[in-house]
Amino acid sequence: MGFPVFFIFAFFFAALLIGTIIVYLQVYKSHINKALKAETKSPTMAPPYKVALVLTIAVLLIGAFFSYLAGYKVANDRYVTASMTFDVHSFYAEVKEVDKNTITVDGIALNEEKYRGELRYEVYDSVGILWEDEPIGLSELEPGDLVCVTLVTGGGDVTELFKIQLLR
């Protein structure tokens, strides 16, 4: 996962804020000392607490802006990576039951262990049901038919039925 980028921005802006306040305090101290030695009226500088307050607000706003940009980029990169990653799994099964919008299959022993046994899937209009590369309807599948079921796993580990190929 790596080190969060926005921590780098936070450390940078905190160091910038502290460094700026220290430099201003040194300049202010030098200005006061010159004014006391010369005993003349010199142009006044803003008091350190006002400068520290203004600088703190400015650095916090700039830091929040850059942290937002960094967070947006990281989140967008993760979203794009997750949405572009697909896993395709196929297994062989025997049709056990066909309803209006569902199919129950029994995975054969040659499949991976998670695709063995009875499995039930919702069949949507977008699912391709094919026999010899020709589309067929779900109602044309009968108990006892041998099928190849293809599943797609997308971002967020959501597994959906993609295609049912009738093997007969």
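Given that just one value was derived from the coordinates, which of (i) 120; (ii) 160; (iii) 194 is volume of the Cα convex hull per residue in Å³?
Computed from the coordinates, volume of the Cα convex hull per residue in Å³ corresponds to (ii).
How far is the Cα center of region 73-120 from the Cα center of region 129-167, in Å?
10
May I ask you to compute the full-extension gain from Glu134 to Asn33, defined as 0.36 nm times their residue separation minus their alpha-carbon distance, rounded to one decimal in nm?
Length gained, Glu134 through Asn33: 27.1 nm.
Please report the net charge: other residues with Cβ closer than 13 Å to the Cβ of Glu97, K and R +1, D and E -1.
That sum, taken over residues with Cβ under 13 Å, equals -3.
Compute the angle between helix 5-38 and the longest alpha-carbon principal axis of the chain, please, reported from 0 to 90 degrees and rounded to the nearest 10.
Orientation of helix 5-38: about 10 degrees from the principal axis.
Could you go through region 103-119 in sequence order and give the Karplus-derived ³J(HN,Hα) for each residue, using 6.51 cos²θ - 1.76 cosθ + 1.60 with θ = phi - 60°, rounded to whole Hz, and x for Gly and Pro?
So the J values, rounded to whole Hz, are 9, 10, 10, 10, x, 7, 5, 6, 6, 4, 4, 6, 10, 9, x, 7, 10.
Readers should treat all values here as calculations from the given coordinates under stated rules, not as data from a laboratory. All values reported here derive from a predicted model rather than from experimental measurement. Neighbour counts run over all protein chains shown; Cβ positions are idealised from the backbone, glycine included.
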